[in-house]
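> Mind having a look at this structure? Questions to follow.
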Amino acid sequence: MLAAIAAATPTPAGVPGAGIFTSPLILSLTIWVPVVVAIVMNTVPNPRGRYDTLMKQIAFFTNLGIFFVLFIAYHLFETFLPTLQYEEKLPWLPSIGVTYHLGVDGPGMTMMMLSCLIGIVSVLASWGVRERVRSYFTLLLLTQATVNGAIASHDMFVLLLFWGAATIPVALLILGWGGPGREAAAWRLVGYWSIGTAALLVATMTVYGASGGTSFDMDVVLKAALTPRVQLAAGLALMVAAATRLPLFPFHGWVRDVYSEAPLGVSVVIAGTASRLGGYLLLRGLVAADADASRLLSPLLAALAAVTIIYAAVVALRSVDLRWAAAHLAMVPGGITVLGLAALTPLSIAGSVLSMFTGGLVAALIVAAAWVVTDRAQTRSLSVLSGLAPRMPILTWLLVLGALGLLGVPLLASFPAETMIFFGSFKTQPIGSFAVAAGLVLTAIALAVVAHRVLFGQPNHDAPAVSDASLGETWYLGLLAGGLLWVGLFPSGPKLPGTDLPLFDPGLVNVMSAGITDIASPYVQPAPTAAQ
Amino acid sequence: MRNFVLVPEVMVVAGALALLVAGRTRGRSRWWFPGAAAGLALAALVVELWVGATLATFFGGALVQDRFALFAKAAVLLAAALAIAVTDWTEENAPAVGMAMILLGAFGVMVIASAGDFVGLWAGLEVAAAAGVVLVSLRRSDLALRLLVAGGVASGLLLIGLAFIYATTGAADLQAVRHAAATTGATLPFGIPVLLLLGGLAVRAGLPPLQFVRVPIGLGASPLGAGIVIGLVAAAALTVAVKVTALLSPVPAAFSPYLMVAAAVAMVVGGAAALATRSPRARLAYLAAGQVGWIAAGLATHYRSGLGASVFLLGAFAIAATAGPAVMAGADIGEFALAGMGLLRPARAAAIALVFLSLAGAPPLAGFFGEFAVAASLAQSGAMWLLALGVLGAVMSVGAAIGTLRAIYLQNPPDESRRVAGARLPVLTRLSTYGAIALCVAIAGYGIFANPIVSLADQASEALLR
């Protein structure tokens, strides 16, 4: 009977909605839905802030919806395919070779998941915004859209468009809702990020011109046979672009002001995803594209990574302001990511991809937790903040979890990431790896000193009254910490007990691995033969 | 269809004359004038798009209808329609004359776009410039006189240049000059008049550091007057520049180096000046000057791709720079006039924001796409130093635009008492609101749906180089 049924219906009837998650528009949805919602929000009348709460809810559910759709796409991601998935390709400006080309491989999907998670957290972290709510959430959604666009783009023009566009809403958010030093913070950010955009444009045009000037598609531009000189020039420009975002020393001038003066939700987006784009750019534009330039620049990259981490740790150690300390500590994950990319081994590159995800969560957690602590304690001064642990148990846990995540302790997602990076790096970049490890020791000392002083020292009875995190704050900080724990505990996803069948999560490590083999293939050293 | 090709020109001139006559009549209600004038410009645009694809020549080759003419006419008609629609007519001293002048200015650009010889180029430019002088004189006769004198200098340089080229090549017809230039080569007798010609155009277009006339006039004139001076007259000069560089393309050595230097100075000085100033209208003028530099950079490449990119960017520039001052209304008195505009006049505020961002070259708007196309042609031609300077200028321009956006969206509106003293809010009319929305759609759509426009610009450059 079953055979008869099968013979009678050789092709199953179409089910409405079936195949929507394999739709070629899924990446466009993650970019353009926030833009459309932002435009609609900004045009709907909101007399005297009557619908402010509704605006917040719309922003939240937009992000939640995108996360839901993307999670299913993540679940359906073909982990054995090294090629781009969910690809979209349309001619945009054919006369100069621009295509609207989107697509994600393993690292791209990992970054998209991070971006959507951070998007939700940033909206929750912005729930306390009271002034010009509509404008705030409009800009926040636009920021989210630009970050998603930069991750998904597979055309240098599209990448540049979203990369550059991110500066404007972020700067306006800081100018409009930042702290007392917002002017300096916003203009520093504009300055540094604009330098990065300019460097990316120069790199793009260099490879475009050298590859014949026919296409901006990454498949053409980044795979063209270029002379070592052009590769080096483009690689240097890409390094500058990435260094302004991650940030790396000496392009870190915006970090202190922005993370301490920007509104919390904006700090979360910047630390969580916008700055991770720097590492992603290095992976896409340098490591995956220009093997010769990568080999040539790898010592410089490793040196920058080491200097960044050591500098960040020393400055954090000497800081007199908790937010400043957290801002500098948030630079550390970027340095670790760059070390993995500089090492140019399959293991270290895989570790770098994972560290972009974990680094985003850790940096956002550190910055956000410090922000909430200073807000609840009514002071930022490390000379006043002392012995808060008994009065802030939840925030103490979260801050400590962030600190442990930064150091890469077992059970947290940063542990496998840092392990892979260091195991993959010591052979090819021994000095850089040693220096970064030394920097991490300094970071540990800085964290211990700050945590001891703020959380576990003698309570300061002259300090203003403090209170612990509210339920909302616990939720969004908990989401960041939960993400770290989840990937740390189940890097390959939870399995049905007694089987290899994955439950709802196919495992971040499995998903991110798709495509890394291809990226790392130029750097695989031939295995020694038996005769050798 | 050939007989209808000049209908848009006829419509525009007839409309301008009718407005001038109607403006002299007494006791009639004139509230419908702006809507009718904008509608007329739009109707002319529709006719142009409908019949403009027909290739034709008129008056023995004096007027040529090709793809470039179609592109330039369509862009300027759209710019004129939008500028009329978004203008706050209570700010204008003589609304009917203002509408007539912007239509005449557009007519001047249309004549240039179709010109087949030097006479057409010169006459069109003078018509557009004269419209600007008339409109400025309605509010400030001293500034109009200054504009007239500067225009006279520009015109003199232009005429001497054209006359010398005629003397060298023995022809005034553009095609004949092109052929003659190819055989003559980049000789000194040919290079000097070209330099004079480009100098005249640079003064007309307000290319930094020659913006010393345009910016003060832009500040003192009425909003629409500023729009004509900053946008339409500059677009007219650039249209001439596009045609001149196309006909000189066989001898790039005669113009390319000068144009590259001028473009570099314009891009950097425009951006830096925009960053330094606080007055929104002056900032807009400097941003426009920076974008003029980008257009010149594209022309300097003397490649078809560069020419096409400049033509594409010229369209974006014409729309934003002409309608920009008009949509800002009384913002010449200072940044605080725009404070809180996002709250009080959201559609107008969005249009101002997009105008600034587009002129600054911020993604994903019309100006960004145009500047990127020029950047691509610079990379193809190997002029990386010019590209680097352009990027520097663009970075400063974007910083300046963010400063204005902050005033619009992040500052609270000033007290009503203070507002009455100087910063009166633009009058809210249905036409101005729809016009502002249309301006937003035009600026965003020009970039996002750039493919057909780029194709037309590419065909335009091909027509010019044929």
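> Would it be correct to say that B:Ala221 is modelled with pLDDT of 90 or more and not hydroxyl-bearing (Ser, Thr, Tyr)?
no
> Let me ask you something else. Determine which member of the set B:Leu55, B:Leu145, B:Leu78, B:Leu103 is surrounded by fewer than 23 Cβ atoms within 10 Å (Cβ to Cβ) and either closer than 30 Å to B:Val177 by Cα or in contact (Cβ under 8 Å) with a residue 24 or more places away in the chain (or both).
None of the other options fit; the residue is B:Leu55.
> Yes or no: region A:467-474 includes at least one residue that is out of contact with any Gly (no Cβ under 9 Å at 6 or more places or on another chain), within 25 Å of A:Leu344 (Cα to Cα) and surrounded by 17 or more Cβ atoms within 10 Å (Cβ to Cβ).
Within region A:467-474, none of the residues are out of contact with any Gly (no Cβ under 9 Å at 6 or more places or on another chain), within 25 Å of A:Leu344 (Cα to Cα) and surrounded by 17 or more Cβ atoms within 10 Å (Cβ to Cβ).
> Of the residues that sit in region B:392-402 and are over 16 Å from B:Gly293 (Cα atoms) and within 9 Å of another protein chain (Cβ to nearest Cβ), which one is surrounded by the fewest Cβ atoms within 10 Å (Cβ to Cβ)?
B:Gly399
> Still on this structure: Starting from residues that are assigned to a helix (DSSP H, G or I) and more than 12 Å from chain B (Cβ to nearest Cβ), keep the ones in region A:139-155 and report whichever is farthest from A:Glu78 (Cα to Cα).
Looking at residues that are assigned to a helix (DSSP H, G or I) and more than 12 Å from chain B (Cβ to nearest Cβ), I get A:Leu140.
> What's the number of the condition B:Gly393 fails, among (1) at pLDDT 90 or above; (2) of a type outside the set (Lys, Arg); (3) over 30 Å from A:Glu183 (Cβ atoms)?
(3)
> Only residues that are within 14 Å of another protein chain (Cβ to nearest Cβ), buried (at least 24 other Cβ atoms within 10 Å of the Cβ), within 23 Å of A:Thr167 (Cα to Cα) and aliphatic (A, V, I, L, M): list them for region A:85-138, please.
Matches in region A:85-138: A:Val98 only.
> List pairs: first in region A:211-234 and within 13 Å of chain B (Cβ to nearest Cβ) and over 22 Å from B:Gly306 (Cβ atoms), second at pLDDT below 85 and not in a loop (DSSP other than H, G, I, E, B), Cβ under 8 Å, 6+ apart or cross-chain?
none
> Show the residue pairs that are 6+ apart or on different chains and have beta-carbon atoms under 8 Å apart, the first residue being within region B:8-36 and in a helix (DSSP H, G or I), the second being among the basic types (Lys, Arg) and modelled with pLDDT of 85 or more.
Cβ pairs passing all conditions: B:Pro8/B:Lys73.
> So, in region B:164-177, exactly how many residues are touching a residue at least 40 places away in the same chain (Cβ under 8 Å), more than 21 Å from B:Gly199 (Cβ to Cβ) and assigned to a helix (DSSP H, G or I)?
1
> Quick check: is even one residue across region A:498-515 surrounded by 17 or more Cβ atoms within 10 Å (Cβ to Cβ), under 21 Å from A:Val121 (Cα atoms) and modelled with pLDDT under 85?
Within region A:498-515, one or more residues are surrounded by 17 or more Cβ atoms within 10 Å (Cβ to Cβ), under 21 Å from A:Val121 (Cα atoms) and modelled with pLDDT under 85.
> Tell me the helices (runs of 4 or more DSSP H) entirely within region B:54-152 that contain at least 2 residues that are farther than 28 Å from B:Gly199 by Cβ and modelled with pLDDT of 95 or more.
B:67-86
> Looking at A:Val202, A:Val158 in this structure, which one is within 10 Å of another protein chain (Cβ to nearest Cβ), assigned to a helix (DSSP H, G or I) and touching a residue at least 60 places away in the same chain (Cβ under 8 Å)?
Result of the check over A:Val202, A:Val158: A:Val158.
> Same structure, new question: Among the candidates B:Gly200, B:Gly161, single out the residue that is crowded, with 20+ Cβ neighbours inside 10 Å, in contact (Cβ under 8 Å) with a residue 24 or more places away in the chain and within 14 Å of B:Ala234 (Cβ to Cβ).
B:Gly200
> Filter region A:310-326 for residues that are modelled with pLDDT under 95 and either under 19 Å from A:Gly278 (Cα atoms) or in contact with a strand residue (DSSP E or B) (Cβ under 9 Å, 6 or more places away or on another chain) (or both) and give the result.
A:Val320, A:Asp321, A:Leu322
> Does A:Arg229 satisfy the condition of being within 30 Å of A:Gly128 (Cβ to Cβ), among the charged types (D, E, K, R) and part of a helix (DSSP H, G or I)?
Against the criterion (within 30 Å of A:Gly128 (Cβ to Cβ), among the charged types (D, E, K, R) and part of a helix (DSSP H, G or I)), A:Arg229 does not qualify.
The values are calculated or read from the model by the stated rules, or taken from the named source; none is laboratory data. Being a predicted model, the structure only gives us computed values, none of them experimental. As a convention, Cβ positions derive from the backbone with ideal geometry for all residues, glycine included, and neighbour counts pool all protein chains shown.
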